[in-house]
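*Asks:* Sharing a structure, written as structure tokens. Questions coming.
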Amino acid sequence: MKEIITALYEYDIWANNRLLAKAEALSDEQLRQKFSAGYLPLLENFVHLTGASWRWYKALRQEQP
């Protein structure tokens, strides 16, 4: 089980780093642009991803976020 969790955590880091590298090329306006109803701007999605990763990290360490 530990190997599976480790692999998923490493994949999460890899995928988030790829997304952030692409986001670096975007302007502030592009990051804050709302594409359509029901979809958050990219910047808000990155905030969500960061928060989710932090909560999982703290939960795995049995700590309060």
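Nothing in this text is a laboratory measurement; each read-out follows from the coordinates by a stated rule. Predicted, not measured: the structure shown is a model, and the values here were computed from it. Heads up, the Cβs are rebuilt from the backbone with ideal geometry, glycines too, and the neighbour counts pull from every protein chain shown.
*Asks:* Largest first, please: the extent of the C-alpha atoms of the chain along each principal axis, to the nearest Å.
*Replies:* 41, 23, 18
*Asks:* Putting +1 on Lys and Arg Cβ atoms and -1 on Asp and Glu Cβ atoms, find which of Ala7, Pro41, Ala23 reaches farthest to the positive end of the dipole of the chain.
*Replies:* Ala7
*Asks:* In nm, what is the difference between 0.36 nm times the number of residues separating Leu31 and Leu19 and their Cα-Cα distance?
*Replies:* Details: separation 12, 0.36 × 12 = 4.32 nm, distance 1.21 nm.
That works out to 3.1 nm of additional length.
*Asks:* Relative to the first principal axis of the alpha-carbon coordinates of the chain, what is the inclination of helix 42-60, with its axis defined by its Cα atoms, in degrees from 0 to 90 and to the nearest 10?
*Replies:* Approximately 10 degrees, to the nearest ten.
*Asks:* OK, next. Please determine, in degrees from 0 to 90 and to the nearest 10, the orientation of helix 2-23 with respect to the longest principal axis defined by the Cα atoms of the chain, where the helix direction is its Cα long axis.
*Replies:* For helix 2-23, the angle is close to 20 degrees.
*Asks:* Another question, if that's okay. What does the charge dipole of the chain about its Cα centre add up to, to the nearest 20 debye, if the Cβ of each Lys and Arg holds +1 and the Cβ of each Asp and Glu holds -1? If you can, show how the numbers build up before the last one.
*Replies:* Details: 8 positive and 8 negative charges, 29 e Å.
Value, rounded to 20: 140 debye.
*Asks:* Here is a further query. In whole angstrom, how far apart do the alpha carbon centroids of segment 31-65 and segment 1-15 sit?
*Replies:* 18 Å
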